Amino acid sequence: MASNISERIVDDMIAHGIDFVTSVPCKQLAGVIEYVGNNDKVMHVPSNKEDEGMGLCAGAYMGGKRPCIIMQNTAIGVTVNTLATLIQYYQFPLPMLISYRGELGEPVACQVEMALHTKALLDQLHIPTFHFHKKGDEAELGDILKYTQMSKKPTAILTDAFFWRTA
Amino acid sequence: MIRNDVLKSILPIITNELVICNIGSPSQELFSLDDQTSNFYMLGTMGLCSSIGLGLAMAQPEKVIAIDGDGSILTNMGTLPTIANNVADNFILLIIDNGSYGSTGDQPTYAGKKTSLSAVARACGCENVVECQAKDTADELKKALASNQMTVIVCKCLSGNVKVPVIEMNPVIIADRFMTEVGRRQS
Ligand SMILES: [Mg+2]
């Protein structure tokens with residue numbers, strides 16, 4: 001049994017078939033990324049930008065893997081075109097585990113600016129969006145991953161500071 | 001030689017490899033020359049050809065050739081460090097470097113000016129980088145495939161496109177057909 005929330009989330013991802021992860025770092029997700037990197041059940045390929053990461057995921061999916069991208073919500077601004085013209089257009093399932101910066105507890109003012117647009121952009125892109133805010137919300141992760149494969153869509157799992165502090 | 005000539009010259013070399021082809025003219029020209037179930041055509045998303053190719057190569061054992069362009073690599077320059085640091089010996093990145101953004105009207109790229117993509121690839125840590133003239137591309141590709149080592153080939157060719165239709169195949173069919181081909185080889 002994994003000891004902390006980061007490890008439990010990764011173990012749950014692996015239990016639901018995720019075997020290829022690309023990531024662009026965020027402080028809130030540091031534990032998740034470290035645990036993914038040290039886990040030999042999942043191939044971890046850090047990427048330099050999130051659209052690049054989605055390209056890696058698209059290729060890995062066509063090669064038979066079940067990918068996941070780990071990124072910050074600022075990346076929604078970077079990846080709108082890739083989500084629309086690659087992931088959605090070709091119907092590649094892609095769970096996005098997202099650090100939802102700029103919410104309550106945020107120390108960096110600039111992060112609030114993209115937080116204001118995050119849900120609106122996801123909504124505009126018709127991306128199924130789930131928000132982990134409180135301890136226990138992570139119980140839905142397995143169902144979200146199943147839903148992602150079933151619908152062959154990108155899905156967003158927003159995880160905010162309050163979630164990481166209390167879960 | 002322009003891109004279409006380079007593509008024609010490498011077709012006899014590509015026998016059993018999986019191909020990821022760059023958006024726009026490259027995909028349209030390849031589709032017109034020799035459509036195969038082992039080809040994945042990009043219909044959008046400038047820049048990500050090499051990333052899709054690397055992800056595919058890492059995920060399964062068949063050889064993968066990403067037919068990319070100079071403009072596309074410049075758009076997604078971060079791809080080269082990722083390729084260098086995640087060596088997949090079943091992956092060949094073929095950059096057809098015509099010094100221009102071909103699909104958008106042959107506007108010059110910096111790769112046709114001071115910037116050397118082969119030097120960039122080497123600086124990023126790619127170990128097997130070959131720069132060649134267009135006429136030598138088929139030979140270099142043959143050597144790279146025989147080496148069983150991840151290789152980046154930068155093929156310097158002339159700017160220009162041939163007039164071919166856009167690909168009208170449905171994206172979901174392109175992906176499904178390609179994945180069926182990949183799956184057939186794993187079984
Ligand atoms: Mg070009």
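The values are calculated or read from the model by the stated rules, or taken from the named source; none is laboratory data. Treat the numbers as computed from the prediction; the structure is a model and nothing was measured. As a convention, Cβ positions derive from the backbone with ideal geometry for all residues, glycine included, and neighbour counts pool all protein chains shown. For the accessible areas, the whole protein counts, side chains as well, though only heavy atoms, and no ligand, DNA or RNA atoms are used. Shrake-Rupley method; radii C 1.70, N 1.55, O 1.52, S 1.80 Å.
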Give, in whole angstrom and from largest to smallest, the semi-axes √(5λ) of the equivalent ellipsoid of chain A, with λ running over the eigenvalues of the Cα gyration tensor.
-> 21, 20, 14
Give the long-range amide H neighbours of residue B:130: residues separated by 5 or more places, or on another chain, with amide H under 5 Å away, using H modelled in the peptide plane at 1.01 Å from N.
-> B:152, B:153, B:154
How much area per residue is accessible in segment A:2-166 when the probe is 1.4 Å and only protein heavy atoms are counted (Å²)?
-> 42 Å²
Which residues make up the longest stretch of chain A clear of trypsin sites (Lys or Arg not before Pro) that lie in a DSSP loop with no more than 12 other Cβ atoms within 10 Å, not counting the sites?
-> A:42-133
Each residue of segment B:64-79 in order: what ³J(HN,Hα) in whole Hz does its phi give by Karplus 6.51 cos²θ - 1.76 cosθ + 1.60, θ = phi - 60°, with x for Gly and Pro?
-> 10, 10, 9, 8, 10, x, 5, x, 5, 5, 4, 5, 10, 4, x, 5
Assign one of three labels to segment A:57-140, namely rounded, prolate or oblate, based on the Cα gyration tensor with a ≥ b ≥ c the square roots of its eigenvalues; rounded applies when a/c is under 1.5, prolate when it is not and a/b is larger than b/c, and oblate otherwise.
-> prolate
Accessible-area composition of the protein assembly as shown, carbon plus sulfur, in percent [1.4 Å probe] = 52 percent
Output the Cα-based Rg and Dmax of segment B:55-187 in Å, rounding Rg to one decimal and Dmax to a whole number.
-> 15.7, 47
Work through the residues other than residue A:39 whose Cβ is under 14 Å from its Cβ and net out their charges, Lys, Arg +1 and Asp, Glu -1.
-> -4
In Å, what is the Rg of the alpha-carbon atoms in the protein assembly as shown, and how long is Dmax?
-> 20.4, 62
